Amino acid sequence: MPKPAPSDTKSSTIVSHASCSVDLAGSTLDLWPLYLFHPGAVTLNFAVNILARCQITRLQTPEIRFKSIDTGREDVFTSFVEFCSAKRFNHGLAAYLLRYFFPPECNLKQGFAIETNSESPAGAGISGSSALMVCTAAALACLTRRKLSREELRVIAQNIEAQLIRVPTGCQDYYPALYGGVNAIHLNPDGIHREAINVAPQEIESRFVLVYTGAQRQSGINNWEVFKAHINGDKRIFKNFAQISEIARQMHDALRTANWNEVSRLLQEEWKLRKTNVPGISTPLMEKLIKVAQKNGARAAKVCGAGGGGCFVLLVDHGQTQQVAYAIRQEGGTVLPFRVSMDGVTSTGRSWLI
């Protein structure tokens, strides 16, 4: 529990941004303690310039206001006392984080507004909620003058998101938001370690196409079903994840050496295994769009996040991204243009980073 913030905290408007991400291999293994059963587990992902944003503004009244621009959800409380006594929230993410950074004993008198916005479509599977958690937590750390390391911020964001969605949360989605770039997240008994992989952003951008199907999915629910099966000793699930773990290790080597033929092969193998884990991880529209893409230069495909809708990513022949994107749009899919984001979470105002 953080120390109560000083009641005389004065701050101008604070704005924080964090990046969404695309996962390439090893996801779901980042749920504790699954990775402990697969020694050498690693997950691979890269940050994209599809951003989450949080703005905190001091008010001249005691009101506490939350507003989500992208979802249209709002909460208004006449005072901090009223907020502390509330049991339900429309904007739970802001409420849960505020409750952590400002426990009831703070006895705040001056109010403020928290406004969030995500450029990620809802339920897209590209870590939009994790990016929102990171940038909102960073903004509140600035407001409360707390100094945190990136790893401390990751732990806070991950644990509070678990409280919010009421199922276990993995760790990997927070690292692209915190650091940007291309990442290997090593999941070891002594802790979680992030490694930056030296891949030129242009190499990623010229080979990957990100597609949104328009259908939302709930990653926490899909992951929870797989998690329960794994913990309950389902031999098929365990074997699948042993193979997924090995694929991720090989993907790590392939990315470091820019072996794109191997990346393509491994991406496709990972997707085949994913589809056997949970019914509905793929959808008819997703399968249709993937077939269209393959006829136009796509070499491999993989669902983003836990599947069941949302986004999938295509690896295409070098220089064929525009051709594949056009074919996808012709069939009713939405292509999300992106650049690899090399920036970690940023905040105006006071710095929170140790």
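The values are calculated or read from the model by the stated rules, or taken from the named source; none is laboratory data. Just so we're clear, the structure is a prediction, and the values are computed from it rather than from any experiment. Cβ coordinates were reconstructed from backbone atoms using ideal geometry, including for glycine residues, and neighbour counts include every protein chain displayed. Just so you know, the surface numbers come from the protein's heavy atoms only, side chains and all, with ligands and any DNA or RNA stripped out. Shrake-Rupley method; radii C 1.70, N 1.55, O 1.52, S 1.80 Å.
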| request: May I ask you to say which residue of Ala258, Ala293, Ala301 is touching a residue at least 60 places away in the same chain (Cβ under 8 Å) and either closer than 22 Å to Ser120 by Cβ or part of a loop (DSSP other than H, G, I, E, B) (or both)? | output: Ala293
| Which of the following residues is in contact with a Ser or Thr (Cβ under 6 Å, 6 or more places away or on another chain), in contact (Cβ under 8 Å) with a residue 24 or more places away in the chain and within 30 Å of Glu246 (Cβ to Cβ): Asp30, Asp23? | Asp30
| note | How many residues of the range 29-39 are assigned to a loop (DSSP other than H, G, I, E, B) and touching a strand residue (DSSP E or B) at 6+ places or on another chain (Cβ under 9 Å)? The answer is 5
| query | Which of (1) without any contact (Cβ under 8 Å) to a residue 24 or more places away in the chain; (2) basic (Lys, Arg); (3) on the phi > 0 side of the Ramachandran plot is the odd one out, the single condition Arg145 does not satisfy? | reply | (1)
| Options Arg53, Arg99; residue that is over 19 Å from the mean Cα position of the chain (by Cα), of a type in the set (Lys, Arg) and open to solvent by 40 Å² or more (accessible area, probe 1.4 Å) | Arg99
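Hey, which of the helices (runs of 4 or more DSSP H) in the range 148-216, taking only ones fully inside, have at least 3 residues that are under 27 Å from Gln294 (Cα atoms)?
The qualifying helices (runs of 4 or more DSSP H) are 201-205.
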| request: Kindly provide the set of residues from the range 308-338 that are more than 19 Å from Pro284 (Cα to Cα) and part of a loop (DSSP other than H, G, I, E, B), ordered by number. | output: Asp317, His318, Gly319, Gln320, Leu336, Pro337, Phe338
| query | Does the range 251-272 contain at least one residue that is touching a Gly at 6+ places or on another chain (Cβ under 9 Å) and of a type in the set (Val, Ile, Thr)? | reply | no
| task | Could you check Gly123 against (1) touching a Gly at 6+ places or on another chain (Cβ under 9 Å); (2) more than 21 Å from Thr348 (Cα to Cα); (3) of a type outside the set (A, V, I, L, M, F, W, C); (4) modelled with pLDDT of 95 or more and say which number it fails? | result | (4)
| Looking at (1) modelled with pLDDT of 95 or more; (2) assigned to a helix (DSSP H, G or I); (3) open to solvent by 50 Å² or more (accessible area, probe 1.4 Å), which is the only condition Leu285 fails? | (1)
| remark: Of the residues in the range 56-69 that are touching a strand residue (DSSP E or B) at 6+ places or on another chain (Cβ under 6 Å) and farther than 30 Å from Phe208 by Cβ, the one that is surrounded by the most Cβ atoms within 10 Å (Cβ to Cβ) is Ile64
| request: Could you check Ala215 against (1) touching a helix residue (DSSP H, G or I) at 6+ places or on another chain (Cβ under 8 Å); (2) open to solvent by 60 Å² or more (accessible area, probe 1.4 Å) and say which number it fails? | output: (2)
| field | The listed residue being modelled with pLDDT of 95 or more, buried (at least 16 other Cβ atoms within 10 Å of the Cβ), farther than 23 Å from Trp260 by Cβ and out of contact with any Lys or Arg (no Cβ under 6 Å at 6 or more places or on another chain), out of Val340, Val345 | value | Val345
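Quick grid of which residues meet (1) exposed (fewer than 15 other Cβ atoms within 10 Å of the Cβ); (2) of a type in the set (S, T, N, Q); (3) in contact with a Cys (Cβ under 8 Å, 6 or more places away or on another chain):
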position: His186; (1), (2), (3): no, no, no
position: Ala196; (1), (2), (3): yes, no, no
position: Pro201; (1), (2), (3): no, no, no
position: Glu205; (1), (2), (3): no, no, no
position: Val226; (1), (2), (3): no, no, no
position: Ile244; (1), (2), (3): no, no, no
position: Ile247; (1), (2), (3): no, no, no
position: Asn261; (1), (2), (3): yes, yes, no
position: Leu266; (1), (2), (3): no, no, no
| task | For Gly123, state whether it is of a type outside the set (A, V, I, L, M, F, W, C), within 22 Å of Pro337 (Cα to Cα) and surrounded by fewer than 24 Cβ atoms within 10 Å (Cβ to Cβ). | result | yes
| Taking the range 40-50 as the region of interest, how many residues are open to solvent by less than 10 Å² (accessible area, probe 1.4 Å) and either under 7 Å from Phe112 (Cα atoms) or not in a strand (DSSP E or B) (or both)? | 1
